[in-house]
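Reading through the C-alpha cells given below for one structure.
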Amino acid sequence: MTRRLRSWLLCAGVACAGACVVSACGGHTARPPRVRVGRPTTATVYASLPLKGALAGQGLAVLNGAKLALDQLGPQAGERIRLITLDDSSGAGAAAADARAAATGRYAVYYIGELDSAASEVAAPILNQAGVPQVSPLSTSVSLTGLDPTGRPTFLRLAPPDSAQAAAQLTELGHKGCRRVGLVDDGSPEGTGLA
C-alpha cells in the first residue's frame with residue numbers, strides 16, 4: 001500500500017469516526033441501512049452495530065454518520081472504500097462473528113463498533129491479532145484498554161472511559177456540597193465501571 005493511499009485511508013477513517021459521533025448525538029430516527037454492492041474496492045470498512053432492539057436507534061445513527069462521512073469524501077471515496085454493515089444485535093456471539101469477518105477480510109482497513117463494552121471485549125482481541133484498527137463510539141469500560149494480545153494497541157474509544165466519567169461526576173457532586181454517595185449498578189461493564 002502506498003504512503004499516499006495509507007494517508008488517505010487514515011483521513012477517511014478519522015472522518016468516518018467523527019461523523020459517527022456527531023450523528024449519534026442527534027435524536028432522530030434513522031432509515032434502515034443500505035449495503036453497497038459493487039466491484040471489489042481498494043479498502044473495506046466494517047461497521048458492526050446493533051440494528052435491532054433497544055440500541056437500534058443509536059446503531060443506525062452511527063451507521064448513518066459513517067455513510068455521511070463517506071459521501072462527503074466524494075465519489076472517488078465510493079470507488080476506493082467499501083462499507084460493509086454487520087448487525088451485532090444478538091450479543092457477544094454476533095460481535096465475535098463480525099470481528100472474525102473483518103479479521104479475515106482481504107481488504108479490511110477499519111472497524112467501527114461495537115457500541116456495547118461487553119461486545120467490544122469480545123471483538124477487540126480478534127481484531128488486534130489481525131491488525132485491524134477498531135473505533136468504538138460508545139464503549140466506555142476501563143477493562144477495554146489492554147485487550148491487545150499483539151502488544152500493539154488497535155482499539156480506540158470516542159467516549160471518555162468510565163473512570164473519567166465517574167471522576168467528573170464526583171467532582172460535580174463535591175461542588176454541589178454532596179458528602180455521601182450511594183452506588184447502584186446494573187451489572188453491565190459500563191455500570192460496573194462507573195460504580
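Arrange the peptides 152-158, 93-99 so that the one whose residues have, on average, the most other Cβ atoms within 10 Å appears first.
On the way: 152-158: 15.7, 93-99: 20.9.
The densest-packed peptide leads the list: 93-99, 152-158.
Quickly rank 121-128, 73-80 as a protection proxy: mean count of other C-beta atoms within 10 Å, highest first. Don't skip to the end; give the middle numbers.
Details: 121-128: 23.2, 73-80: 13.1.
For the peptides 121-128, 73-80, the packing ranking is 121-128, 73-80.
In whole angstrom, how long is each semi-axis of the equivalent ellipsoid of the stretch 103-155, when you take the square root of 5 times every eigenvalue of its Cα gyration tensor and sort them from largest down?
Working: eigenvalues 58, 32, 13 Å².
Over the Cα atoms of the stretch 103-155, the ellipsoid semi-axes are 17, 13, 8 Å.
Computed on alpha carbon atoms, what radius of gyration and Dmax characterise the stretch 51-117, expressed in Å?
Calculated on Cα positions, Rg and Dmax stand at 12.8, 35 Å.
Got a number for carbon plus sulfur as a percent of the stretch 129-195's accessible area, 1.4 Å probe? Don't skip to the end; give the middle numbers.
Values: 2420 of 4290 Å².
Accessible surface attributable to carbon and sulfur in the stretch 129-195 totals 56 percent.
So, for the stretch 77-177, what is the accessible surface per residue at a probe of 1.4 Å, expressed in square angstrom? The partial results should precede the final answer.
On the way: 4660 Å² over 101 residues.
Accessible area per residue, the stretch 77-177: 46 Å².
State, to one decimal in nm², a quarter of the convex hull surface area for the C-alpha atoms of the stretch 59-195, i.e. the direction-averaged projected area. Please list the in-between numbers first.
Values: hull surface 40.5 nm².
The directionally averaged projection comes out at 10.1 nm².
The values are calculated or read from the model by the stated rules, or taken from the named source; none is laboratory data. Please read these numbers as outputs of a predicted model, since none were measured by experiment. So basically every Cβ, Gly included, is an ideal-geometry build from the backbone, and we count neighbours across all protein chains shown. What goes into the accessible areas is simple: the full protein's heavy atoms, side chains included, and nothing from ligands, DNA or RNA. Shrake-Rupley method; radii C 1.70, N 1.55, O 1.52, S 1.80 Å.
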